[in-house]
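**Student:** Structure provided below as structure tokens; questions to follow.
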Amino acid sequence: MSLIIYSIPIFFLLIGVELLVTRIKGVSYYRFNDAITNLSCGIGSQVSGLFLRFLTIGVYIALYEYSPLKGKIPYNYAIVIVLLIAVDFFYYWFHRLAHEVSVMWGSHVVHHQSEEYNLSVALRQAWVQGAFSWVFYLPLALIGFEPKMFITIASIQTLYQFWIHTKVIGRMPVWFEYVFNTPSHHRVHHGVNPKYIDRNHAGTFIVWDRMFGTFQEEEEEVVYGITTQPKSWNPLWLNVEYWFGLAKDTVKVKRPTDAIRMMTSAPGWKPAEMGGMLAYNEVSAATFEKYDTSISSRLTNYIFFQFVILLIGTSAFLFGIKKLAPIEVGYVSIFVIYTVVSIGGLFEKQKWVVLAEGLRILLLTTIIAVIVLKFSTPVYAASSAGAYLLISSVWFATVFKELTSNK
């Protein structure tokens, strides 16, 4: 099982610690709708990763079989350090190009859409990023690094990046700031201040940015997000919105070469007759307007309850996936995506969400009954499913009027 999945309890423990620290300091780095959307994107990323790994890991293993050093590289501390440096080096180039090549930006943009900066943002991952990033690591297969060794070190490199998504930590010691990626460096990376855009692409070692000219020190206060906010809490739309807009613009160009340039140039590039390169405007934290929507405390509590059920269910699904048949994995994955989309619709009070959420409650009731019947007793199945159906139905009825009224 992936180290990332094993780390889920630690992620939420640290998020809780960060929330406690901010409460003690009297500052607010979290918004409920933003944080839930971050976590929903992360849940969707884990689910989509179950299917992408057949491509990513499968090709890596296939190339490893042709390596002249297959089975000859030992697994010791020196090799671990070498592989960590190599993984981070290739990650830097993927990450940099994901910011500098428009079609690749679509695979990464989700991670930058949050206009807050906290540990939940670290979990806000794009659902198809792995379909682009895996190509950059294939040289390691040809060199002869075993797949299990690569997966372990790549997971460690990813886990390192969790703690740098915070405003609670200021600056680290000078020597550490010079060598490693830190919260200060990564805050810059998430900024839409013109001087911060496309800077500090490192994963673990900031030396890559220093070497290749993409380093920027944290100076004025960072404004977070992207230059064109999609204005949505729907994780599915957030994952496709950029590509959808890129496709619409691409079909409008007069020359095929311009269509290719729109996909391969920096995000925001258009031919002169369509406005040219997007200009980056100066921003400040004092005047920047964040996307937000307003819902009642009752609907907020309902969403929180449903999200907790989703989180528990998805965690159990990921931890116990080896016990499920492929078709069951597919059904559960579809339902998980359905749920995060419905939660996004609740935040926005979309018209379609009333029917979608009502149907989702009935479906989840059935799923609970089937799961408990499979692993426990009929009495326990009936009581669990019945309790969820009753609580959710009554609670949903209390927010029905808010969802059907004019926004």
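**Student:** Could you list all residues from region 183-234 that are among the hydroxyl-bearing types (S, T, Y) and over 14 Å from H95 (Cβ atoms)? Step through it out loud before you land on a result.
**Tutor:** The first filter runs over region 183-234 and keeps only residues among the hydroxyl-bearing types (S, T, Y), leaving 184, 196, 204, 214, 224, 227-228, 232.
Answer for region 183-234, where residues must be among the hydroxyl-bearing types (S, T, Y) and over 14 Å from H95 (Cβ atoms): S184, Y196, Y224, T227, T228, S232.
Matching residues to (1) closer than 18 Å to L52 by Cα; (2) of a type outside the set (G, A, S):
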| position | (1), (2) |
| --- | --- |
| R96 | no, yes |
| S114 | no, no |
| Q129 | yes, yes |
| W134 | yes, yes |
| I151 | yes, yes |
| T158 | yes, yes |
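**Student:** So, one more: For region 170-179, check the following and say yes or no: at least one residue is modelled with pLDDT of 95 or more, open to solvent by 10 Å² or more (accessible area, probe 1.4 Å) and under 30 Å from Y291 (Cβ atoms).
**Tutor:** Of all residues in region 170-179, those modelled with pLDDT of 95 or more come to 170-179.
If we keep only those that are open to solvent by 10 Å² or more (accessible area, probe 1.4 Å) too, we end up with 170-179.
Within this subset, residues satisfying the condition of being under 30 Å from Y291 (Cβ atoms) are 170-171.
Looking for residues that are modelled with pLDDT of 95 or more, open to solvent by 10 Å² or more (accessible area, probe 1.4 Å) and under 30 Å from Y291 (Cβ atoms), one finds at least one in region 170-179, hence yes.
**Student:** Report those helices (runs of 4 or more DSSP H) wholly inside region 1-99 carrying at least 2 residues which are charged (D, E, K, R). Before the answer, list the steps.
**Tutor:** On the way: elements: 3-6, 8-25, 32-64.
Because the criterion is at least 2 residues that are charged (D, E, K, R), the helices (runs of 4 or more DSSP H) in region 1-99 that meet it are 8-25, 32-64.
**Student:** While we're on this one: Suppose we keep only residues that are open to solvent by 60 Å² or more (accessible area, probe 1.4 Å) and of a type in the set (S, T, Y) within region 58-81. Which one would you say is modelled with the lowest pLDDT?
**Tutor:** To start, the set of residues in region 58-81 that are open to solvent by 60 Å² or more (accessible area, probe 1.4 Å) comprises 61, 65-66, 68-70, 72, 74-78, 81.
Retained after the next criterion (residues that are of a type in the set (S, T, Y)): 66, 75, 77.
Numbers: Y66: 93, Y75: 85, Y77: 90.
Looking at residues that are open to solvent by 60 Å² or more (accessible area, probe 1.4 Å) and of a type in the set (S, T, Y), I get Y75.
**Student:** Next up: Filter region 244-276 down to the residues that are open to solvent by 70 Å² or more (accessible area, probe 1.4 Å) and hydroxyl-bearing (S, T, Y) and list them by number. Please lay out each step first, then the result.
**Tutor:** Of region 244-276, the ones open to solvent by 70 Å² or more (accessible area, probe 1.4 Å) are 244, 248, 251-252, 254-257, 260-261, 263-264, 272-273.
Hits for region 244-276 are T257, T264.
**Student:** Kindly evaluate I371 against the criterion of being at pLDDT below 95 and open to solvent by 80 Å² or more (accessible area, probe 1.4 Å).
**Tutor:** So I371 fits the description; yes.
**Student:** Being in a helix (DSSP H, G or I) and either at positive phi or open to solvent by 30 Å² or more (accessible area, probe 1.4 Å) (or both) is the filter here, so list the residues in region 101-133 that pass it. Outline the logic, then answer.
**Tutor:** Let us first name the residues in region 101-133 that are in a helix (DSSP H, G or I), namely 102-105, 109-112, 119-122, 130-133.
The answer is V103, W105, A131, F132.
**Student:** Further, regarding this structure: Residue check: is K323 farther than 17 Å from S392 by Cβ and in contact with a helix residue (DSSP H, G or I) (Cβ under 7 Å, 6 or more places away or on another chain)?
**Tutor:** no
Results for (1) over 24 Å from the mean Cα position of the chain (by Cα); (2) within 30 Å of Y242 (Cβ to Cβ); (3) modelled with pLDDT under 95; (4) open to solvent by 60 Å² or more (accessible area, probe 1.4 Å), shown as yes or no for each residue.
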{"site": "L278", "(1), (2), (3), (4)": "yes, yes, yes, yes"}
{"site": "T293", "(1), (2), (3), (4)": "no, yes, no, no"}
{"site": "S297", "(1), (2), (3), (4)": "yes, no, no, yes"}
{"site": "Q306", "(1), (2), (3), (4)": "no, yes, no, no"}
{"site": "I312", "(1), (2), (3), (4)": "no, no, yes, yes"}
{"site": "S315", "(1), (2), (3), (4)": "no, yes, yes, no"}
{"site": "L324", "(1), (2), (3), (4)": "yes, no, yes, no"}
{"site": "Y331", "(1), (2), (3), (4)": "no, yes, yes, yes"}
{"site": "I337", "(1), (2), (3), (4)": "no, yes, no, no"}
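**Student:** Looking at region 182-190, can you tell me whether even one residue there is closer than 21 Å to W105 by Cα, in contact (Cβ under 8 Å) with a residue 40 or more places away in the chain, under 19 Å from the mean Cα position of the chain (by Cα) and open to solvent by less than 30 Å² (accessible area, probe 1.4 Å)? Show your work before the answer.
**Tutor:** Initially, region 182-190 is screened for residues closer than 21 Å to W105 by Cα, giving 185-190.
Add one more test, that the residue is in contact (Cβ under 8 Å) with a residue 40 or more places away in the chain, and what stays is 187, 190.
The next check asks that each one be under 19 Å from the mean Cα position of the chain (by Cα); those that pass are 187, 190.
Now drop any that are not open to solvent by less than 30 Å² (accessible area, probe 1.4 Å), which leaves 187, 190.
Within region 182-190, one or more residues are closer than 21 Å to W105 by Cα, in contact (Cβ under 8 Å) with a residue 40 or more places away in the chain, under 19 Å from the mean Cα position of the chain (by Cα) and open to solvent by less than 30 Å² (accessible area, probe 1.4 Å).
**Student:** Here's something else I'd like to know. Kindly provide the set of residues from region 6-54 that are within 15 Å of W163 (Cβ to Cβ) and of a type in the set (F, W, Y), ordered by number.
**Tutor:** F11, F12, Y29 - these are the residues of region 6-54 that are within 15 Å of W163 (Cβ to Cβ) and of a type in the set (F, W, Y).
**Student:** Determine if region 214-221 includes at least one residue that is open to solvent by less than 10 Å² (accessible area, probe 1.4 Å) and either β-branched (V, I, T) or touching a His at 6+ places or on another chain (Cβ under 7 Å) (or both). Working first, answer last.
**Tutor:** To start, the set of residues in region 214-221 that are open to solvent by less than 10 Å² (accessible area, probe 1.4 Å) comprises 214.
Cutting the leftovers down to either β-branched (V, I, T) or touching a His at 6+ places or on another chain (Cβ under 7 Å) (or both) gives us 214.
Looking through region 214-221, at least one residue is open to solvent by less than 10 Å² (accessible area, probe 1.4 Å) and either β-branched (V, I, T) or touching a His at 6+ places or on another chain (Cβ under 7 Å) (or both).
**Student:** Hey, can you tell me all the residues within region 162-177 that are touching a residue at least 40 places away in the same chain (Cβ under 8 Å) and of a type in the set (F, W, Y)?
**Tutor:** Once the filter is applied, which keeps residues that are touching a residue at least 40 places away in the same chain (Cβ under 8 Å) and of a type in the set (F, W, Y), region 162-177 yields F162, W163.
**Student:** Then there's this: Out of region 23-42, which residues are over 19 Å from K290 (Cβ atoms) and open to solvent by 40 Å² or more (accessible area, probe 1.4 Å)? First the steps, then the outcome.
**Tutor:** Step one: list which residues in region 23-42 are over 19 Å from K290 (Cβ atoms), which gives 23-26, 42.
Across region 23-42, the qualifying residues are R23, I24, K25, G26.
**Student:** While we're here: In region 164-189, what residues are in a loop (DSSP other than H, G, I, E, B), of a type outside the set (D, E, K, R) and more than 18 Å from S28 (Cα to Cα)? Before you say what the answer is, go through the steps one by one.
**Tutor:** Here is the first cut: in region 164-189, the ones in a loop (DSSP other than H, G, I, E, B) are 164-173, 181-182.
Narrowing the set further to residues that are of a type outside the set (D, E, K, R) leaves 164-166, 168-170, 172-173, 181-182.
Correct list: M172, P173, N181, T182.
**Student:** Pick out the one residue from L50, L20 that is open to solvent by 70 Å² or more (accessible area, probe 1.4 Å) and over 22 Å from F180 (Cα atoms). Can you show your working first?
**Tutor:** Values: L50 fails: open to solvent by 70 Å² or more (accessible area, probe 1.4 Å).
Criteria check complete, one pass: L20.
**Student:** Further, regarding this structure: Which residue, of L84, L159, L55, is in contact (Cβ under 8 Å) with a residue 12 or more places away in the chain, over 30 Å from I36 (Cα atoms) and open to solvent by 30 Å² or more (accessible area, probe 1.4 Å)? Break it down stepwise before answering.
**Tutor:** Details: L159 fails: over 30 Å from I36 (Cα atoms); L55 fails: over 30 Å from I36 (Cα atoms).
Going through L84, L159, L55 in turn, just one is in contact (Cβ under 8 Å) with a residue 12 or more places away in the chain, over 30 Å from I36 (Cα atoms) and open to solvent by 30 Å² or more (accessible area, probe 1.4 Å): L84.
**Student:** Could you list, in sequence order, the residues of region 141-155 that are touching a residue at least 60 places away in the same chain (Cβ under 8 Å) and either open to solvent by 50 Å² or more (accessible area, probe 1.4 Å) or assigned to a helix (DSSP H, G or I) (or both)? Write out each step before concluding.
**Tutor:** Just the residues of region 141-155 that are touching a residue at least 60 places away in the same chain (Cβ under 8 Å), to begin with: 141-147, 149-155.
The answer is A141, L142, I143, E146, P147, M149, F150, I151, T152, I153, A154, S155.
The values are calculated or read from the model by the stated rules, or taken from the named source; none is laboratory data. Just so you know, these numbers come straight off a predicted model, no measurement behind them. We place every Cβ from the backbone using ideal geometry, glycine too, and count neighbours over all the protein chains shown. Each accessible area value is taken on the protein alone, full model and side chains, heavy atoms only, with ligands, DNA and RNA left out. Shrake-Rupley method; radii C 1.70, N 1.55, O 1.52, S 1.80 Å.
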